[in-house]
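Report on the following structure.
Read the figures in this text as sums done on the coordinates, not as results from a lab. Bear in mind that the values here come from a model prediction, so they are computed numbers and not experimental data.
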Amino acid sequence: MVFEHLRRSPLEMVPFLAEDAALVAALAPNTHTGAVLGDRACLALAAARGIPALTADSAWLSLDVGVRVHLVR
């Protein structure tokens, strides 16, 4: 039921591939502020797509990972 609801939503579901995992791992040294795996996955997707990453975590503003970060609050 949840999957069906998400499938009908305007959200895009993106597969997480080996190439994505490699990019997430490469971000680890530059995310010393406590960015967890999910944070790095978001940043990696933004980097791969050339789009800004959206977050409510102001600590992301200090990250030097080549991704624009926009705070949502």
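At a threshold of 8 angstrom on Cα-Cα distance, excluding pairs fewer than six apart, so keeping six or more, what relative contact order does the chain reach in percent?
25
Can you match Cα extents along the principal axes in Å to one of these, [x] 36, 28, 20; [y] 32, 26, 23; [z] 37, 32, 21, based on a calculation from the structure here?
Checking each listed value against the structure points to [z].
Tell me the angle of helix 37-49 to the major Cα principal axis of the chain, expressed in degrees between 0 and 90 and rounded to the nearest ten.
The helix 37-49 is inclined about 80 degrees to the chain.
Quick one: which residues, 5 or more positions from Val69 or on another chain, have an amide H under 5 Å from its amide H? H modelled 1.01 Å from N in the peptide plane, none for Pro or chain starts.
Here Ala53 satisfy the definition.
So what is the calculated 222 nm ellipticity per residue for the chain, using -39500 (n - 2.57) for each DSSP H run with n of 4 or more, over all residues, to the nearest 500 deg cm²/dmol?
-12000 deg cm²/dmol
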